[in-house]
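**Q** Got a structure for you, written out below as structure tokens; questions coming shortly.
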Amino acid sequence: MKIINVASARPNFMKVAPLLEEYKHHQEIDAQLLHTGQHYDYEMSKIFFDELGIPEPDFHLGVGSGTHAEQTAKVMTEFEKVLKREEPDWVVVVGDVNPTMACTIVANKMGVKVAHVEAGLRSYDRNMPEEINRVLTDSIADLLLTPSIDGNMNLKKEGIADEKIKFVGNIMIDTLFNMRKRSDESTILADLGIEEKGYALVTLHRPSNVDQEDTLGNFVEILEETAQDLPMVWPVHPRSKNRAEEFGFWDRLQSIGNLHLLEPVGYLDNVCLMNNARLVLTDSGGIQEETTALGVPCLTARENTERPITITEGTNTLVGTDPEVILDHIKKHLQNGVAGTKDLPKPLYWDGKTAKRIVKAIKEYSI
Ligand code: UD1
């Protein structure tokens, strides 16, 4: 059984790593890795391959940046050539980035079965490019592998047949558990001169938060005010850095005492930074889940989330994008402390064994 696994952007790499490991236990599976090249900088891509022990991709499409249409079209054209040549039995796509959708469409039209890992998540906000990718991918993929039961319910509401939907758990947590010990060896806290529980970690890169001057300006103010009470660390995504420079905020950010502005950090440093943070302020999808698994309080600066289980069964709070509301939440956290979150029970099947369930589901579906 030949399976081509697609990875494209930073949040994909931790999702394919445990799958590639698991395939090794199944001799009948010939697993190949394809990198579309949406993320291409060392800090956005290669460092994850090195740290997570992901092998060199068998295929590299080298697609790079561009508008959504350009990225999607280039992936489709190049991926079609690979599928024609390789004739795989399955394509496995993960997450919700542009190539997840692009490769699903190509494979589906060529009669190749598609499994979508992290299916069924919905923010119900179609202004979000990722939501369009999720809905389109799930509407035509053959096997929909969900990280939480809300995913199953969303898919059923969309009329997807029961036999295509399988609750397997959260694949990112496999990687988190595998790498947790090694992340303790990271020296990033000492390098930055910060202490356990003595700082907040910030990550912001959603187009809705960083692409408009007034919205990004609000976040600059939030950081200026919060850094007076608590050191902050922000590994800045290339999109956010580009915008901050474009809007003239970069010098202002650099002048905030107590704010450590970093290049994007690797996986191990990021887990170390999350695990030891007093608080995380983010708009990332994956970080909402990782903080829940680590038991670290997370404030999500968005109006909605496709990962509601991190609120109902985790440490996440949706705080929107109004600066006063966000500052109020941060102040409350600083006043009330954060005791007790570390040992909260974790959502079902966020147990480090999701890759096993995924490969089993693909094999059963193939019989
Ligand atoms: C993409 C995903 C998003 C994911 C995020 C994680 C889509 C629609 N969005 O958003 O779901 O959360 O990745 O990082 O697929 N850039 C570099 N170096 C790189 C990669 C990108 O400089 O290695 C620059 C690009 O040139 C571009 C900007 O960063 O200007 C944004 O990159 P892009 O991949 O288009 O979207 P992301 O915002 O990263």
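The values are calculated or read from the model by the stated rules, or taken from the named source; none is laboratory data. Values in this document were obtained by computation on a predicted structure and should not be read as measured data. Here the Cβ is made from the backbone with ideal geometry for all residues, glycine too, and neighbour counts use every protein chain on show. Surface areas here come from the heavy atoms of the whole protein model, side chains and all, with no ligands, DNA or RNA. Shrake-Rupley method; radii C 1.70, N 1.55, O 1.52, S 1.80 Å.
**Q** Compute the longest continuous run of the chain that contains no exposed chymotrypsin sites (Phe, Trp or Tyr not before Pro); treat a site as exposed when its DSSP state is not H, G, I, E or B and it has at most 16 other Cβ atoms within 10 Å. Don't skip to the end; give the middle numbers.
**A** Working: sites that count: 40, 124.
Here the longest segment lacking exposed loop sites spans 125-367.
**Q** Right, next: Hey, any idea what Rg/Rh is for region 180-343, computing Rh the Kirkwood way over Cα pairs?
**A** 0.93
**Q** Right, here's the next one. Net charge around residue 54, counting only other residues with Cβ within less than 14 Å of its Cβ (Lys, Arg = +1; Asp, Glu = -1)?
**A** Here the count lands on -3.
**Q** Now for a separate question. For region 180-343, give the percent of accessible area contributed by carbon and sulfur heavy atoms, probe 1.4 Å, rounded to a whole number.
**A** C and S fraction of accessible area: 44 percent.
**Q** If every alpha-carbon in region 267-342 counts as one equal scatterer, what log10 I(q)/I(0) does Debye give at q = 0.12, 0.15, 0.26 1/Å?
**A** The Debye formula, applied to the Cα set alone, gives -0.29, -0.45, -1.31.
**Q** For residue 124 and residue 360, FRET efficiency with R0 = 45 Å and r from the beta-carbon atoms, rounded to 0.05?
**A** 0.90
**Q** Taking the Cβ-Cβ separation of residue 341 and residue 225 as r and a Förster radius of 22 Å, what is the calculated FRET efficiency to the nearest 0.05?
**A** Working: r = 24 Å, r/R0 = 1.09.
The computed FRET efficiency comes out at 0.35.
**Q** May I pose another question? Can you grab the distance from the C-alpha centre of region 171-192 to the C-alpha centre of region 234-263, Å, no decimals?
**A** Region 171-192 and region 234-263 have Cα centres spaced 24 Å from each other.
**Q** With a 1.4 Å probe and all protein chains left in place, how much accessible area per residue does the chain have, in Å²?
**A** Working: 15280 Å² over 367 residues.
The answer is 42 Å² per residue.
**Q** Once you've got the GNM for the chain with C-alpha springs shorter than 10 Å, pick whichever of 343, 322, 150 has the biggest mean-square fluctuation.
**A** With Cα springs under 10 Å in the chain, the top fluctuation among 343, 322, 150 is at 343.
**Q** Out of every Cα pair in region 1-141, what percent are spaced more than 18 Å from each other? Spell out each step's value before the answer.
**A** On the way: 5140 of 9870 pairs.
Percent of Cα pairs beyond 18 Å in region 1-141: 52.
**Q** Please compute the net charge surrounding residue 318, taking Lys and Arg as +1 and Asp and Glu as -1 over other residues with Cβ under 15 Å from its Cβ.
**A** So the environment of residue 318 carries a net charge of -4.
**Q** How large is the convex hull of the C-alpha atoms of the chain per residue, in Å³?
**A** 126
**Q** Quote to one decimal, in nm, the extra length available between residue 192 and residue 327 on full extension: 0.36 nm per residue of separation minus the C-alpha distance between them.
**A** Details: separation 135, 0.36 × 135 = 48.60 nm, distance 2.42 nm.
Separation in residues times 0.36 nm, less the Cα-Cα distance, equals 46.2 nm.
**Q** Please give the length that would be gained between residue 58 and residue 245 if that part of the chain were fully extended, namely 0.36 nm times their separation in residues minus their C-alpha to C-alpha distance (nm, one decimal).
**A** On the way: separation 187, 0.36 × 187 = 67.32 nm, distance 3.65 nm.
Answer, rounded to one decimal: 63.7 nm.
**Q** Can you tell me the FRET efficiency between residue 351 and residue 1 if r is taken as the Cβ-Cβ distance and R0 is 22 Å, rounded to the nearest 0.05?
**A** 0.30
**Q** State, to one decimal in nm², a quarter of the convex hull surface area for the C-alpha atoms of region 240-282, i.e. the direction-averaged projected area.
**A** Here the figure is 3.7 nm², rounded to one decimal.
**Q** Measure off 7 Å from each Cα along the Cα-to-Cβ vector at residue 208 and residue 158, then give the distance between these two points in nanometres to one decimal.
**A** 1.7
**Q** Given axes a ≥ b ≥ c from the Cα gyration tensor, I'd like to know whether region 96-163 is rounded (a/c under 1.5), prolate (a/b larger than b/c) or oblate.
**A** oblate
**Q** What is the Cα convex hull volume of region 88-131 when expressed per residue in Å³?
**A** Dividing the Cα hull volume of region 88-131 by its residue count gives 69 Å³.
**Q** Which is farthest toward the positive dipole end of the chain among 227, 312, 349, measuring Cα position about the Cα centre, with Cβ charges +1 (Lys, Arg) and -1 (Asp, Glu)?
**A** The one lying farthest along the dipole's positive direction is 349.
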